[in-house]
Ligand SMILES: Nc1nc2c(c(=O)[nH]1)N[C@H]1C(S)=C(S)[C@@H](COP(=O)(O)O)O[C@H]1N2
Ligand SMILES: [Mo]
């Protein structure tokens, strides 16, 4: 057996359970690494859709793709909490290894672990609070969560690079020893099984937000298919302070295409050809549900004003302020069959809380960009 790279004080070495062997820590580490990588990539997709860099392109089809990527983001985030706790349990006695700082390499290793634990912990907690719509802090969630993701993944890559030799030798042997020490081998296997089980339970507790048949066992899923017309509500008309404007008989939707402007009442919109499409609402918080929307196809509405010249389309809400009072729709969504100015939901007139008099519904988009209570549509020139 080779000498360990860093010595532990004798008193600690004697107390470390074999269940905390490098073999267990390495296997848990791989599980954490895979989960964090999936969570990071699906998070990047969501961020880029909402803040598209010039090179970024996201398709309008299949209509359910964002629902899957964002559901995956939230489920992997939640199950990573359980995996990280198991991983920390498996290594924490080693945090007392001597020398405390030692040479520069060891110093870098210690620092990277500190940054890793801090950043991953921060990501998981802020993500969890965001799902619960509990904002107990004074910074803006999305930009901080996005920036910290790079810190967490960067620290993870450094950690993997530093630990590669340990991991390789740890994986060389079996997770459970077969050298006639059954009690120990049992406890190692038990640790790994317990970690897998708790991660599964954690994942299932939230997965019902996006997978309907898991709803009965998803105790953590805060928004699970309740709300008017069978669809959860993110922000009510009262919260957005749009009730009066939305119910005003003088309500008109203004549509501008290449300098031509038309204003339409809800009755005018109803008189145009109507289309029905099954498009999910998929919130960035991870909950999603399929709904049947009817209304005017966006491309038909634009054509009723003037020929669509191509380019992005901007949507503005009756909601006066607030982050979600407007959104921008890229050209490939403007012409999609399922992109509607929705007037009806699941067979009835749109509920006030779902965006009455009319709202944007486009396929394969985060819920946050499905602007409710529309007041203006403008082709950007
Ligand atoms: N004007 C406006 N539109 C909005 C919002 C909002 O706060 N204001 N919330 C968005 C978010 S975050 C989601 S998930 C969806 C939810 O739509 P629903 O409440 O009809 O389910 O609406 C979106 N449209
Ligand atoms: Mo949302």
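Scanning the range 93-104 for residues that are in contact (Cβ under 8 Å) with a residue 40 or more places away in the chain and not in a loop (DSSP other than H, G, I, E, B) yields a total of 4. Filtering the range 318-356 to residues that are more than 26 Å from residue 52 (Cα to Cα), surrounded by fewer than 17 Cβ atoms within 10 Å (Cβ to Cβ) and within 13 Å of ligand 1 (Cβ to nearest atom) leaves only 346. Only one of the listed residues (253, 264) is over 30 Å from residue 76 (Cβ atoms) and either within 16 Å of ligand 2 (Cβ to nearest atom) or touching a residue at least 40 places away in the same chain (Cβ under 8 Å) (or both). That residue is 253.
Across the range 232-245, not a single residue is classified as away from ligand 1 (no atom under 16 Å from the Cβ) and farther than 24 Å from residue 49 by Cβ. Would you say residue 315 is within 24 Å of residue 57 (Cα to Cα), modelled with pLDDT of 95 or more, buried (at least 19 other Cβ atoms within 10 Å of the Cβ) and within 13 Å of ligand 1 (Cβ to nearest atom)? Yes, satisfied. Filtering the range 357-377 to residues that are more than 8 Å from ligand 1 (Cβ to nearest atom), in contact with a strand residue (DSSP E or B) (Cβ under 7 Å, 6 or more places away or on another chain) and farther than 17 Å from residue 302 by Cα leaves only 363.
The values are calculated or read from the model by the stated rules, or taken from the named source; none is laboratory data. Computed from a predicted model, the values in this text were never measured in an experiment. Because the Cβ atoms are built from the backbone with ideal geometry, glycine has one as well, and the counts that use them run over all protein chains shown.
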